[in-house]
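Read-outs: derived from the displayed coordinates by stated rules, not from any lab. None of these values were measured; they are calculated from a predicted model. Glycine also receives a Cβ, built like all others from the backbone with ideal geometry; neighbour counts cover every protein chain displayed.
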Amino acid sequence: MAVMLDDAGCIPFAFPSLPNVRCVFTTRFAGNLSLHEREGEERETAVAARKSLFERLGVDSWSELQQIHGDTFIKEPEPTPVDQLPPVEADGHATGRKRHALCIKTADCQGLLLAHPAGHVAAVHVGWRGNVLRLVQTAVAAFCLDHALDPAEVRAVRGPSLGYAEFVNFRREWPPVFAPWYDPASHCVDLWSLTRRQLSEAGLKSQNIFSLDLCTYSLNSLFFSHRRKDAGRQMALIWME
């Protein structure tokens, strides 16, 4: 499968009719962007990759989260220095600041990016536990609440993540309501379709929901994958010019 990368080793995405909103999804070619449990030379390499990406993006600052597979969503996070671990535990954040990028780290989970024409963006870390917790609906509602945004005007794009054929269901963890996305024969759950449905339930119009249907497990030469025992992480980032 041919995937077009920019000079920074990222996959860019542009929402139709929102020219001031920028989205990128990094790949292995941008380097391992995780500082978690990195020491010595490994940490120096990760910091160098992060600094290089930050400079190429041309933003003034960025924010990261300690992602914990929960349903906490925060507003206007403080900038995170590129060489430090983030202090805040959450799985989604939003901002109205220009040139401030919101980051989500992934290695099979879904990086979900949201934007509204009024000048607000958000980034959400959606693992399968997040789907079970209905984090998608929680994040959209919280994103819209403070500024009285209409969810029907929100745009969303889901980045590369674990594809349907590679996600083996954990039966005891999934309530019966998720049965339509479970295949008893393969024991797999279609997380891509589930997230799309949850976005629709949150009020998004189908024409405003986009996706990069690239499987991080299957395309291992392009992406880090937790299920392949990779320690690396890629990023999903969104910001406004």
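Sequence gap of 8 or more, or different chains, plus Cα separation below 26 Å: how many lysine pairs satisfy both in the chain? So the count works out to 9. Near Cys188, the amide H atoms lying under 5 Å from its own belong to Asn169, Asp183; only residues 5 or more places off or on other chains count, and H is placed 1.01 Å from N. When the chain is described by a simple charge dipole with +1 on each Lys and Arg Cβ and -1 on each Asp and Glu Cβ, the residue from Val177, Ala49, Gly119 located farthest towards its positive end is Val177.
Put in order of Cβ neighbour count within 10 Å, fewest first, the listed residues Ile74, Ile104 become Ile74, Ile104. Put a plus charge on the Cβ of each Lys and Arg, a minus charge on the Cβ of each Asp and Glu, and nothing anywhere else: the dipole of the chain about its Cα centre is then about 380 debye. Counting neighbouring Cβ atoms within 10 Å and putting the fewest first, the residues Glu166, Glu64, Glu89, Glu41 line up as Glu41, Glu89, Glu166, Glu64. Sorted ascending by nearby beta carbons within 10 Å, beginning with the fewest, Arg227, Arg155 become Arg227, Arg155. For Gln110, the amide hydrogen comes within under 5 Å of the amide hydrogens of Val126, Gly127, counting only partners 5 or more places away or on other chains and with H modelled in the peptide plane. Ordering Leu237, Trp62, Ala139 by the projection of their Cα atoms onto the charge dipole of the chain, which places +1 on the Cβ of Lys and Arg and -1 on the Cβ of Asp and Glu, puts Ala139 at the extreme positive end.
Which whole-number percent gives the relative contact order of the chain, counting Cα pairs below 8 Å spaced six or more residues apart? Before the final figure, lay out each step's value.
Values: 515 pairs, mean separation 59.1, N = 241.
Relative contact order of the chain: 25 percent.
Can you tell which of Leu18, Leu204, Leu135 shows the greatest fluctuation in a Gaussian network model of the chain with Cα springs below 10 Å? Result: Leu18 has the largest fluctuation of those listed.
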